[in-house]
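The values are calculated or read from the model by the stated rules, or taken from the named source; none is laboratory data. The structure displayed is predicted, hence computed values, not measured ones. All Cβ positions, even for glycine, are placed from backbone atoms using ideal geometry, and neighbour counts span all protein chains on display.
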Amino acid sequence: MLRVLLGAVMALFMAGLAHAQARVETIELTSKLVPSPVKVSVLLPAGYQASQKLPLLLMLHGGGGDNGFLERMRPVVAAAWATGDFPPAVVVTPDVGRSLYMDFKDGSQRWETFLVSEMIPELRRRYGLSDQRSKTVVTGISMGGLGSLRLGFDHPEVFGGLAAMEPGIEPALAFDDVRMRNRFQRDDRFFKTIFGDPVDREFWKRANPANMVLTNKAAILKSGLAIYIEVGDQDMFHLDEGTEYLHRVMWDHGIPHEYRLVRNADHTGKTVPARMRDALRFLDREVLNPPPPDETLAASRPRIDRLRRAMGVPDDEPRPPLPPTSPAR
């Protein structure tokens with residue numbers, strides 16, 4: 001018991017030390033693609049040096065937020081560094097307004113293009129970051145979770161993994177099937193600003209993560225993009241319905257991912273820091289520091305394969321589909 005207590009105390013001490021020695025700086029980037037200058041908060045770990053070629057973690061804020069989100073998440077990242085749950089990395093949060101991290105229909109704002117084609121290359125140059133996709137990951141909460149899906153699904157050649165927390169997505173493949181229950185925080189005027197007036201149904205469809213993952217399925221599977229989605233089962237915006245729907249779409253179409261429906265968790269509150277730690281652990285385990293193959297499976301897997309074949313089940317038989325995907329209740 002004393003050893004456990006001392007370990008906990010030491011972990012808290014190391015987290016405090018990592019928090020104190022790390023530093024946040026805010027830079028401004030100018031672009032013709034989006035309203036400028038864009039404020040970008042950058043968290044540098046203790047002992048940062050440009051020669052280290054550190055990984056890049058984009059940590060995307062939610063609707064109504066800004067780059068200050070990084071400062072609020074800083075203790076969570078510091079704790080993950082202190083316990084080894086996440087490696088030293090440069091963590092970045094850009095202020096994108098309420099843009100949904102996408103290129104607008106009228107071309108007036110092109111946030112997705114800016115982030116991928118201008119911001120990431122500039123961050124790599126300025127901070128000496130690794131340019132490998134295996135060292136480039138993205139996470140975010142709410143609208144930031146949506147942004148994580150959008151960036152990862154559209155650009156699996158850039159990102160090695162994504163962790164979308166309570167993403168702001170709707171349980172539908174067509175705009176006309178989206179109920180007000182699942183978009184009451186986004187009125188018609190908001191949709192028209194981004195998707196056209198009237199809303200361009202095909203444009204919305206192309207930008208909807210459930211459709212995006214299907215359209216880009218081949219590239220996602222080829223890249224091995226690591227995908228993590230999670231949501232609380234008490235989400236006040238009913239985002240559990242959209243997240244469950246996306247999970248079912250990916251399950252039905254054989255797209256590997258990890259999905260968590262967090263019991264008794266809401267959209268905000270005390271559960272969020274621990275859930276962010278879980279997201280960081282996933283990105284560490286599946287992308288930045290993957291473990292070696294599990295040698296204990298060397299004997300059991302072939303034995304079960306032989307049993308399956310003996311019972312007449314061929315190796316290439318596809319997984320039977322679950323009941324058809326449909327909007328949640």
Scan 66, 106 and give me the residue that is closer than 30 Å to residue 170 by Cβ, at pLDDT 95 or above, more than 21 Å from the chain's Cα centre (by Cα) and not hydrophobic (A, V, I, L, M, F, W, C). 106
Mind listing just one residue for me: the one in segment 46-61 that is more than 17 Å from residue 155 (Cβ to Cβ) and of a type outside the set (A, V, I, L, M, F, W, C) and, of those, surrounded by the fewest Cβ atoms within 10 Å (Cβ to Cβ)? 51
Is at least one residue of segment 154-162 touching a strand residue (DSSP E or B) at 6+ places or on another chain (Cβ under 9 Å) and within 19 Å of residue 248 (Cα to Cα)? yes
Only listed residue being small (Gly, Ala, Ser), in contact (Cβ under 8 Å) with a residue 40 or more places away in the chain, out of contact with any Phe, Trp or Tyr (no Cβ under 6 Å at 6 or more places or on another chain) and under 25 Å from residue 59 (Cα atoms), chosen from 226, 163: 226
Look at residue 167 and say whether it is assigned to a loop (DSSP other than H, G, I, E, B), surrounded by fewer than 20 Cβ atoms within 10 Å (Cβ to Cβ) and not charged (D, E, K, R). no
Could you please find all residues in segment 86-131 being in a loop (DSSP other than H, G, I, E, B), polar (S, T, N, Q) and either touching a residue at least 24 places away in the same chain (Cβ under 8 Å) or buried (at least 18 other Cβ atoms within 10 Å of the Cβ) (or both)? 99, 109, 130
Residue among 83, 26, 30 that is modelled with pLDDT of 95 or more, under 21 Å from residue 283 (Cα atoms) and not charged (D, E, K, R): 83
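Residue by residue, here is whether (1) surrounded by fewer than 22 Cβ atoms within 10 Å (Cβ to Cβ); (2) at pLDDT below 95; (3) not hydrophobic (A, V, I, L, M, F, W, C) holds:
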{"residue": "145", "(1), (2), (3)": "no, no, yes"}
{"residue": "161", "(1), (2), (3)": "no, no, yes"}
{"residue": "175", "(1), (2), (3)": "yes, no, no"}
{"residue": "183", "(1), (2), (3)": "yes, yes, yes"}
{"residue": "218", "(1), (2), (3)": "yes, no, no"}
{"residue": "224", "(1), (2), (3)": "yes, no, yes"}
Going by the conditions given, is residue 249 under 26 Å from residue 150 (Cα atoms), in contact with a helix residue (DSSP H, G or I) (Cβ under 8 Å, 6 or more places away or on another chain) and of a type outside the set (Asp, Glu)? yes
Could you check, for segment 72-83, whether at least one of its residues is of a type in the set (S, T, N, Q), over 21 Å from the mean Cα position of the chain (by Cα), surrounded by fewer than 18 Cβ atoms within 10 Å (Cβ to Cβ) and in a loop (DSSP other than H, G, I, E, B)? no
